[in-house]
Amino acid sequence: MASTVDNLSVVVHGAGVIRLENQSIPEPGRNEVLIKIHSVGICGSDVHFWQHGRIGDFVVQKPMVLGHESSGAVIKVGCDVTHLRAGDRVAIEPAVPQENDDFCKIGRYNLSPTIFCCATPPGNGSLCRYYVHNANFCYKLPEGVSYEEGALIEPLSVGIHACRRAGVTFGSNILICGAGPIGLVCLLVAKSMGAAKVMITDLSPERLLMAKEMGADITLQAKRETPQEMADAVCGHLSGMPDITMECTGAEVCIQTAIYATRSGGTVVLVGLGSPMVNIPILNASTREVDIKGIFRYCNTWPMAISMLVSGRLNVLRSLVTHRFSLEDSLQAFETAHQGLGIKIIIRCDKDDPL
Ligand code: NAD
Ligand code: ZN
């Protein structure tokens with residue numbers, strides 16, 4: 001039976017409407033855990049659902065709790081759960097396939113048509129005090145890995161998956177378009193995987209400064225160049241064409257730049273999600289055997305991310321967090337995110353561990 005004790009939640013009701021509401025506390029099913037949420041990062045998609053009430057075909061048709069970058073403490077386990085117990089600190093992988101289909105069998109469960117992600121309609125998210133999740137998609141955080149780092153594993157996972165799909169390796173020369181949170185996690189992962197040189201572009205000098213502080217070898221501010229001019233400028237600064245370009249803006253001009261800039265036989269990874277239909281220099285890509293790959297979230301990344309955090313080699317990840325708000329101040333947090341201030345905004349949901 002669900003209880004009605006304080007489960008303050010950030011709920012989107014459709015375009016332009018988010019509210020703080022008290023919801024009932026759910027009971028975990030056999031294979032689930034009830035989590036007292038500690039930290040939740042705001043993602044661009046949360047802001048988009050609030051502003052537009054939809055992303056592509058995913059439409060907010062009934063009130064939905066936002067938030068999918070989260071961590072917390074297990075407070076109750078379902079009867080079939082054996083690997084977690086009350087008191088365990090966990091990071092939550094939000095997208096859970098509902099069936100063991102062919103994609104799950106080959107380890108690419110992010111492609112399963114039955115994948116169900118929290119804070120993607122109709123799935124409620126975790127920006128609340130108490131949240132229930134599939135126990136197999138909750139990963140124990142070892143001593144020394146903070147709740148904030150636990151929440152940051154979600155965006156970090158996009159970077160890990162993108163770098164794996166791109167084939168980043170020891171000595172790679174890489175261009176990243178866009179120094180938002182996703183471009184920055186791609187930068188961190190690429191450097192950890194042994195990339196020799198990483199160059200990053202953005203419109204914003206502040207974001208490029210952050211990228212520099214996080215280890216970018218070269219930064220370049222995009223202005224009003226044509227994609228071809230921008231590609232030439234990139235290759236000039238890199239002293240050659242990048243082996244890999246990771247497009248993290250979704251902007252058509254950047255996708256075009258990515259293709260022109262990447263060396264023959266190299267790889268362009270399309271991480272950014274922008275307009276559903278874009279013009280690209282396809283003959284340039286095909287006659288130079290530039291592979292163009294898509295990215296859909298991540299799979300099999302949490303254990304690796306946790307190991308890297310334990311090793312201390314990803315300590316810089318913490319610097320992504322530029323703003324912190326309490327759950328009660330979530331609406332202000334969303335306004336701040338909407339204004340594009342800072343990089344990663346974290347909402348602290350645990351009233352027993354206030355800011
Ligand atoms: P963000 O909006 O914070 O960052 C995008 C950055 O691109 C901004 O800093 C912006 O200034 C920069 N930019 C825009 N136009 C540019 C241009 N012409 N040249 C250079 N830089 C330019 O977004 P984010 O949270 O970092 O996410 C990046 C993209 O990744 C988004 O499109 C998001 O939807 C997408 N995403 C995709 C996946 C996936 O599974 N494929 C997962 C998460 C996010
Ligand atoms: Zn997200």
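Structure values in brief
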{"read-out": "Selection from segment 242-258 of residues that are surrounded by fewer than 21 Cβ atoms within 10 Å (Cβ to Cβ) and more than 16 Å from ligand 2 (Cβ to nearest atom)", "value": "Ala251, Glu252, Val253"}
{"read-out": "Residue tally, condition touching a helix residue (DSSP H, G or I) at 6+ places or on another chain (Cβ under 7 Å) and more than 15 Å from ligand 1 (Cβ to nearest atom), over segment 228-238", "value": "1"}
{"read-out": "Test: Gly272 is surrounded by 15 or more Cβ atoms within 10 Å (Cβ to Cβ), at pLDDT below 95 and either in a helix (DSSP H, G or I) or not hydrophobic (A, V, I, L, M, F, W, C) (or both)", "value": "no"}
{"read-out": "Conditions (1) part of a strand (DSSP E or B); (2) more than 16 Å from ligand 2 (Cβ to nearest atom); (3) under 22 Å from Ser311 (Cβ atoms): number failed by Ala91", "value": "(2)"}
{"read-out": "Contacts under 9 angstrom Cβ, first residue in segment 316-332 being part of a strand (DSSP E or B), partner of a type in the set (Lys, Arg), 6 or more apart", "value": "Val321/Lys344; Thr322/Lys344; His323/Lys344; Arg324/Arg348; Phe325/Arg348; Ser326/Arg348; Ser326/Lys351"}
{"read-out": "So Gly144, is it free of Cβ contacts under 8 Å to residues at least 60 places away in the same chain and either within 16 Å of ligand 2 (Cβ to nearest atom) or farther than 15 Å from Trp302 by Cβ (or both)", "value": "no"}
{"read-out": "Matching entry among Ile306, Ile282 (being among the aliphatic types (A, V, I, L, M) and buried (at least 19 other Cβ atoms within 10 Å of the Cβ))", "value": "Ile306"}
{"read-out": "When residues of segment 85-108 are limited to those that are of a type in the set (Val, Ile, Thr) and under 17 Å from Phe296 (Cβ atoms), the one surrounded by the fewest Cβ atoms within 10 Å (Cβ to Cβ)", "value": "Ile106"}
{"read-out": "Some residue of segment 290-311 being modelled with pLDDT of 95 or more, among the aromatic types (Phe, Trp, Tyr), more than 16 Å from ligand 2 (Cβ to nearest atom) and not in a loop (DSSP other than H, G, I, E, B)", "value": "no"}
{"read-out": "Tabulated pairs, segment 7-29, first under 16 Å from Lys351 (Cβ atoms), second among the hydroxyl-bearing types (Ser, Thr, Tyr) and surrounded by fewer than 19 Cβ atoms within 10 Å (Cβ to Cβ), C-beta under 7 angstrom, 6+ apart or interchain", "value": "Asn7/Ser24; Ile25/Ser3"}
{"read-out": "Checking Arg129 against (1) surrounded by fewer than 20 Cβ atoms within 10 Å (Cβ to Cβ); (2) closer than 30 Å to Asp352 by Cβ; (3) in contact (Cβ under 8 Å) with a residue 60 or more places away in the chain, the condition it does not meet", "value": "(1)"}
{"read-out": "Residues that are surrounded by fewer than 21 Cβ atoms within 10 Å (Cβ to Cβ) and not basic (Lys, Arg), drawn from segment 149-169", "value": "Gly167, Thr169"}
{"read-out": "Out of Glu206, Glu225, sole residue that is within 15 Å of ligand 1 (Cβ to nearest atom) and at pLDDT below 95", "value": "Glu225"}
{"read-out": "Test: residue in segment 112-120 that is modelled with pLDDT of 95 or more, touching a Gly at 6+ places or on another chain (Cβ under 9 Å), hydrophobic (A, V, I, L, M, F, W, C) and surrounded by 18 or more Cβ atoms within 10 Å (Cβ to Cβ)", "value": "no"}
{"read-out": "Identity of the residue in segment 322-342, surrounded by fewer than 19 Cβ atoms within 10 Å (Cβ to Cβ) and of a type in the set (A, V, I, L, M), that ends up nearest to Arg129 (Cα to Cα)", "value": "Leu331"}
{"read-out": "Test: residue in segment 171-186 that is in contact with a Phe, Trp or Tyr (Cβ under 9 Å, 6 or more places away or on another chain), over 24 Å from Met308 (Cα atoms) and more than 16 Å from ligand 2 (Cβ to nearest atom)", "value": "no"}
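Each row is one residue, and each column tells you yes or no for (1) small (Gly, Ala, Ser); (2) touching a Lys or Arg at 6+ places or on another chain (Cβ under 9 Å); (3) away from ligand 1 (no atom under 15 Å from the Cβ); (4) closer than 14 Å to Cys118 by Cα.
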position	(1), (2), (3), (4)
Glu21	no, no, yes, no
Val33	no, yes, yes, no
Ile42	no, yes, no, yes
Val47	no, no, no, no
Arg54	no, no, no, no
Val59	no, no, yes, yes
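The values are calculated or read from the model by the stated rules, or taken from the named source; none is laboratory data. For clarity, every value in this text was computed on a predicted model and none was experimentally measured. No Cβ is skipped: glycine too gets one built from the backbone with ideal geometry, and neighbour counts run over all protein chains shown.
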